[in-house]
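Accompanying notes for the structure given below.
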């Protein structure tokens with residue numbers, strides 16, 4: 001990896017982009033993303049892309065349950081290489097200091 005992932009702290013509701021860079025040549029056979037060692041796939045919540053050496057995961061809107069260890073694994077010539085980071089998502093609080101849970105997901 002040329003540029004590994006870096007830990008981040010964000011707020012509930014934020015859009016989060018995780019990026020790492022790898023050599024553009026040879027192009028990887030596979031780029032995979034994981035949260036707490038469970039593979040993530042493109043969905044309405046997650047967008048995964050790779051272009052000119054940049055591996056990218058976009059989380060459309062984060063919630064406290066998205067907190068965890070994220071890992072990007074790139075396989076080139078059959079050899080896997082990975083980088084990890086920790087994402088902390090702080091919840092929302094009312095003006096009175098009461099935690100407001102998220103219930104839609």
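Table for the structure above
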| item | result |
| --- | --- |
| Euclidean distance between Cα centres, region 50-64 to region 1-49, Å | 5 |
| Neighbour-count ranking [beta-carbon atoms within 10 angstrom, fewest first] of 41, 63 | 41, 63 |
| Cα-based Rg and Dmax for the chain, where Dmax is the largest Cα-Cα distance (Å) | 15.3, 55 |
| Most mobile listed residue (91, 53, 78) in the chain, GNM with C-alpha springs under 10 Å | 78 |
| Value of relative contact order over the chain, rounded to a whole percent, pairs C-alpha under 8 Å and six or more apart | 33 |
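Read-outs: derived from the displayed coordinates by stated rules, not from any lab. Computed from a predicted model, the values in this text were never measured in an experiment. Backbone-built Cβ (ideal geometry, glycine too); neighbour counts: all protein chains shown.
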